[in-house]
1. How many residues are assigned to a loop (DSSP other than H, G, I, E, B) and either open to solvent by 10 Å² or more (accessible area, probe 1.4 Å) or out of contact with any Asp or Glu (no Cβ under 6 Å at 6 or more places or on another chain) (or both) if we restrict to region A:10-50?
2. Return the residues of region D:227-237 that are part of a helix (DSSP H, G or I), more than 7 Å from chain A (Cβ to nearest Cβ) and open to solvent by 10 Å² or more (accessible area, probe 1.4 Å); say none if nothing qualifies.
3. Since residue C:193 meets every condition but one in (1) touching a strand residue (DSSP E or B) at 6+ places or on another chain (Cβ under 8 Å); (2) open to solvent by 10 Å² or more (accessible area, probe 1.4 Å), which condition does it not meet?
4. Which condition from (1) of a type in the set (A, V, I, L, M); (2) over 27 Å from residue C:113 (Cβ atoms); (3) crowded, with 20+ Cβ neighbours inside 10 Å is the one that residue C:80 breaks?
5. Quick check on residue A:50: is it β-branched (Val, Ile, Thr) and under 30 Å from residue B:258 (Cβ atoms)?
6. When residues of region C:58-70 are filtered for being open to solvent by less than 20 Å² (accessible area, probe 1.4 Å) and either touching a residue at least 40 places away in the same chain (Cβ under 8 Å) or over 17 Å from the mean Cα position of the chain (by Cα) (or both), how many remain?
7. Looking at (1) assigned to a helix (DSSP H, G or I); (2) modelled with pLDDT of 95 or more; (3) more than 20 Å from residue B:170 (Cα to Cα), which is the one condition that is false for residue B:279?
Number of protein chains: 4
Amino acid sequence: MARNVPLRGIIGYTITPFRLDGNVDLDLLRTLTGRMVASGVHAIAPLGSTGSLPYLNDEEREAVAETTVKAVAGRVPVMVGVSSLTTERTVHHARFAERVGADAVMIIPMSYWKLTEEEIFRHFDTVARATSLPIMAYNNPATGGLDMTPEFLARLLEIPNVTMVKESTGDIGRMHRLRQVAGEEVAFYNGSNPLALAAFAAGARGWCTAAAHLIPGLTLELYRAVVEKADLAAARRVFQKQLPLLQFIVKGGLPRTVAAGLELLGTEVGPLRAPLLPLPESEVEALRRILTTLEA
Amino acid sequence: MARNVPLRGIIGYTITPFRLDGNVDLDLLRTLTGRMVASGVHAIAPLGSTGSLPYLNDEEREAVAETTVKAVAGRVPVMVGVSSLTTERTVHHARFAERVGADAVMIIPMSYWKLTEEEIFRHFDTVARATSLPIMAYNNPATGGLDMTPEFLARLLEIPNVTMVKESTGDIGRMHRLRQVAGEEVAFYNGSNPLALAAFAAGARGWCTAAAHLIPGLTLELYRAVVEKADLAAARRVFQKQLPLLQFIVKGGLPRTVAAGLELLGTEVGPLRAPLLPLPESEVEALRRILTTLEA
Amino acid sequence: MARNVPLRGIIGYTITPFRLDGNVDLDLLRTLTGRMVASGVHAIAPLGSTGSLPYLNDEEREAVAETTVKAVAGRVPVMVGVSSLTTERTVHHARFAERVGADAVMIIPMSYWKLTEEEIFRHFDTVARATSLPIMAYNNPATGGLDMTPEFLARLLEIPNVTMVKESTGDIGRMHRLRQVAGEEVAFYNGSNPLALAAFAAGARGWCTAAAHLIPGLTLELYRAVVEKADLAAARRVFQKQLPLLQFIVKGGLPRTVAAGLELLGTEVGPLRAPLLPLPESEVEALRRILTTLEA
Amino acid sequence: MARNVPLRGIIGYTITPFRLDGNVDLDLLRTLTGRMVASGVHAIAPLGSTGSLPYLNDEEREAVAETTVKAVAGRVPVMVGVSSLTTERTVHHARFAERVGADAVMIIPMSYWKLTEEEIFRHFDTVARATSLPIMAYNNPATGGLDMTPEFLARLLEIPNVTMVKESTGDIGRMHRLRQVAGEEVAFYNGSNPLALAAFAAGARGWCTAAAHLIPGLTLELYRAVVEKADLAAARRVFQKQLPLLQFIVKGGLPRTVAAGLELLGTEVGPLRAPLLPLPESEVEALRRILTTLEA
């Protein structure tokens, strides 16, 4: 693997479970994380969108980061989400992640005010200077509110330890364009679940997915079919099989749907943090039907 | 004025000034607030988008709220922005605003995850139950990331102390539609600067604007021409005169452009909080030309 | 009125009625046109979007143009729509309109391929050189597929006989911007029905509307309230009253809804040309309720 | 190949060349078509977007259809574009295509007025009843102005001789969704050039492309690498190589850019029909650089 690019394959994003009193349930986080590692994923990523990162306070974020690194215990790489609205807090969490032993950090630039490219560049540059960990620049305008073009992402990759890009716009053209402007060796990852097959075909190094909580086997099977075996017919079959689930979790929002899915599979993960509400009952039923089909 | 609708006219939004060390400059906030009251605006609104609300920590927000209320000293109503990503923090700041003597609070629902209407409704309802202050529901998808339809805003207005709506989409049709679904007496306010004339023509009670920092006289003149004198020809003249400034501050982002404008007018307001950067020099020049024309 | 700007006020757009055999019903067109003139509108505009222009062949278009001019008989100005995908056909129809005595022509640039600004400019310039009639440049990306910015429209207005602009984007900011870039005396017209009040407040010379088929009195009342009497409260009342109808005809498509409305009011106007179908029955019912309310 | 699905592989779209007097150059059309067949493409498609279909009159369309079928002389299948704004004209051209010996027809529903799904369905159904040729339903909102969802396309495929779908939105998710709702055996084709690799990976039967005029060898090489050899690494290499050209012709518009490209390669194809203008000189230079790189 390239220097400072510690990730490939299925990168499992973990939810943040809560206790009934509303506090983060670190014990359950440990269990869920251990279970995901055991399922065979190639890396673990706490404190992403799936992990309800923006709804946690600083202490909670630190506890989740530290607990995850300890639970994984070096079996696979851990990439910690350290995004904050201010640069100062982002630096703080990047340093914390490094201190507790993470292998990489992920940063999505977040908007209230739309940031200029110069502002985003300085934001990444400032954090990069404050840590020696490799950084994944994460583009997801649907959640973060800011869109980074392939051309701009290529510019970010010139910052020494910004070494990876995660693309979640759902536009496969962005990935091909990124290869054009950043070179064929660029380490890019797919964050749009329904794009998983197309992204691997385009040369993505990995797939960042919360689906690893619910269907780790199928996500790994897709990876093997398309990347290891180059068997497109098999890849299409396993992809189309899991596509209804991928569409469902994207449409309903990852924390709501993954929490509901884990409960359907037997693990209570507690209430989401308000204003987030549990998945409505009718949608839980739809999810149950999808999961039942997949088990068949 | 209707019960529990304490605002009308020009509602001046204040920036949050910073000291060179990066901390909030409460002395200067006092000065700027006093100056804006003296200019004749009908209300003062700290901790809005203009006030860089999402970039401040809890202690800073409390200090700005308390300082503003004291500086205004009852001369005009004060509406404090209390938005947070979580419901719990929003409740906290609404209660704080009430405790220090604010006349109203403003809440924009904020996204990382897109909230469902049910989630947004519960969010407002929970805060409304926790305070006796009237609440302005603020719709601005361009910053908050969530869009509330006129139909949904009408539903929010059924919560007893949600009594006001601020519309910032820039679509005048939303205001007419709101009157259709919430009744002709609905108290709505315009938050899209380039829509100021059209919104008053549509029956808006007020105009929420950071332009009151730079051109308070012109904003008040528009209000008088269209609302008090019903002189549309005069209203168009004074509106078209200030339109280049209104377009400029919207396009460049309010904190950046208003800070630059205040400095051009002689008041240093300190660095913005990173990742926000000062307005680029070429744009400062453009702003200087606009302001010079307005003084002529 | 300015030189070469023959239109103001309520500009009534006529539908093209069909006989049961699918051919254009010129007798009924004569009747409908005469009725609209008698209702008091300030001008008549055949062969617009309302008139199903793009679905007629050349001979039909010529017959409609000639029939309309004769039916109006000089009582009010007639503006004929002459748009075609090719420049050559547009020139042909502009010349025909001039020959039969029209007072102005209207041109919407139409896309299959998105045209560059240079292509649109040449298109207008070529037609303008081929006729001495004043030309209204019509911007409606929702139907024509091409969007012309205020800046570009100002450039078109430099062509000697392009003297009027019709704006149908529904964005009131476009009209204020047009005044900024083309001068306060620019002759612009509103083509977005739900924007009628805001557009007159912004200084529009007229309102281009198919609603004149169904509620000519209310459209004229709005014009008088806002333009002649500057009575904004009265204007808002009469505007909000007709707004449900305006929203309905825009949402359902003008030919379908206006045809259904005329039939509800007692005049059969024949089948639309395929692929256009009649308004579905449930929507006809909704329209009936709206019209009933307006008559009350 | 499935019954009534006569197309697969590289489907070459031909431009319509013009003489200096503005008329269609049928001799040159014959030459260009023959050359494209000789290059090895699997099918020929005149009168598509590339062929400037909407800018031709009925007689010209008929001449192009007939000339193409004769020039191809049965060596590969010919699919003729027969789209028109009205259903009646579409039926006319579909029947003409059948009479002169085409193997299939392609129909894009075209908007001036946005059609309802019922209107589009009836349009296709009426044409389908009037011809025995298989029909390709073509979805390209960027040109036709109407968007058909995968769910609706699946409904169209229930009409007996609507047997193929061409997707040109550029959203790979549409293709996976189409397989979900219409079954794994659905015959779908890609019309978005920069999506060529992803579409084949998703199971597209063919790639509809005007690039076959300029780089037939590279388009065929991509097809062989991904479909015949399942060699994704080789497919990525040949795709990334031609991607700059694919992006260029999409961005600049197919008739303009392909005409310019053919002239750079030595064949004058005459003026485009107004309002279309030739590619600006600076862009011709950019195209020359791209083509030079590809030849190297």
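The values are calculated or read from the model by the stated rules, or taken from the named source; none is laboratory data. All values reported here derive from a predicted model rather than from experimental measurement. Note that each Cβ is placed from the backbone with ideal geometry, even for glycine, and that neighbours are counted across all protein chains shown. All accessible areas refer to the heavy atoms of the entire protein, side chains included, with ligands and DNA or RNA removed. Shrake-Rupley method; radii C 1.70, N 1.55, O 1.52, S 1.80 Å.
1. Within region A:10-50, residues that are assigned to a loop (DSSP other than H, G, I, E, B) and either open to solvent by 10 Å² or more (accessible area, probe 1.4 Å) or out of contact with any Asp or Glu (no Cβ under 6 Å at 6 or more places or on another chain) (or both) number 18.
2. Once the filter is applied, which keeps residues that are part of a helix (DSSP H, G or I), more than 7 Å from chain A (Cβ to nearest Cβ) and open to solvent by 10 Å² or more (accessible area, probe 1.4 Å), region D:227-237 yields D:227, D:228, D:233, D:234, D:237.
3. If we test residue C:193 against (1) touching a strand residue (DSSP E or B) at 6+ places or on another chain (Cβ under 8 Å); (2) open to solvent by 10 Å² or more (accessible area, probe 1.4 Å), just (2) comes out false.
4. The one condition residue C:80 does not meet is (2).
5. no
6. Qualifying residue count, region C:58-70: 3.
7. (1)
Rundown of residues vs (1) open to solvent by less than 40 Å² (accessible area, probe 1.4 Å); (2) touching a residue at least 12 places away in the same chain (Cβ under 8 Å); (3) within 19 Å of residue D:280 (Cα to Cα); (4) at the interface with chain D (Cβ under 8 Å from one of its Cβ atoms), yes/no style:
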residue: C:107; (1), (2), (3), (4): yes, yes, no, no
residue: C:116; (1), (2), (3), (4): no, no, yes, yes
residue: C:137; (1), (2), (3), (4): yes, yes, no, no
residue: C:144; (1), (2), (3), (4): yes, yes, no, yes
